[in-house]
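The values are calculated or read from the model by the stated rules, or taken from the named source; none is laboratory data. Keep in mind it's a predicted model, so treat the numbers as computed, not measured. Cβ coordinates were reconstructed from backbone atoms using ideal geometry, including for glycine residues, and neighbour counts include every protein chain displayed.
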Amino acid sequence: MFIDADKVNYPQYLEWAVRLCRPGTLIIDNVVRDDEVANATSTDASVQAVRRTMSSLQKDKRVDATAIQTVGVKGYDGFAAVTVK
């Protein structure tokens, strides 16, 4: 499943994706936000939503998840890969 939606509501989209997907499903979304997710002082609402989501994924026993950063013509970007258990 690919989630391509506004980041402010990303925690809710991801929650529904996990609920609706079968075990083994891979959920992908771009989450690095021009390297701002690593910036703990960012006040951007989208960045804060992604940070909350990544933090909750760390504790969520229903999934295995990682974030992979890429660097290319768009600068710093990346994606989260979440596997539903």
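Going by the conditions given, is LYS59 buried (at least 17 other Cβ atoms within 10 Å of the Cβ) and either basic (Lys, Arg) or within 20 Å of THR83 (Cα to Cα) (or both)? If you could, list the steps in order and put the result at the bottom.
Values: buried (at least 17 other Cβ atoms within 10 Å of the Cβ): no; either basic (Lys, Arg) or within 20 Å of THR83 (Cα to Cα) (or both): yes.
No: the conditions fail for LYS59.
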Within region 12-36, tally of residues that are closer than 18 Å to THR70 by Cβ and free of Cβ contacts under 8 Å to residues at least 24 places away in the same chain:
1
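Can you say whether THR66 is within 9 Å of the chain's Cα centre (by Cα) and polar (S, T, N, Q), as far as the supplied structure shows? If you could, list the steps in order and put the result at the bottom.
Numbers: within 9 Å of the chain's Cα centre (by Cα): yes; polar (S, T, N, Q): yes.
Answer is yes for this residue.
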Please state which of the following conditions ASN30 fails to meet, knowing it meets all the rest: (1) farther than 14 Å from GLY78 by Cβ; (2) at pLDDT below 90; (3) of a type in the set (S, T, N, Q).
(1)
Can you report the number of residues in region 34-63 which are in contact with a helix residue (DSSP H, G or I) (Cβ under 9 Å, 6 or more places away or on another chain) and under 18 Å from ALA17 (Cα atoms)?
9
Looking at region 39-85 only, could you name the residues that are outside any strand (DSSP E or B), free of Cβ contacts under 8 Å to residues at least 24 places away in the same chain and touching a strand residue (DSSP E or B) at 6+ places or on another chain (Cβ under 9 Å)?
GLN58
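Output the number of residues of region 24-38 satisfying the condition of being of a type in the set (Asp, Glu), in contact with a strand residue (DSSP E or B) (Cβ under 8 Å, 6 or more places away or on another chain) and more than 12 Å from LEU14 (Cβ to Cβ). First the steps, then the outcome.
Taking region 24-38 first, the residues of a type in the set (Asp, Glu) are 29, 34-36.
With the extra rule that they be in contact with a strand residue (DSSP E or B) (Cβ under 8 Å, 6 or more places away or on another chain), the set shrinks to 29, 34-35.
Now restrict to residues that are more than 12 Å from LEU14 (Cβ to Cβ): 34-35.
Total satisfying the criteria: 2.
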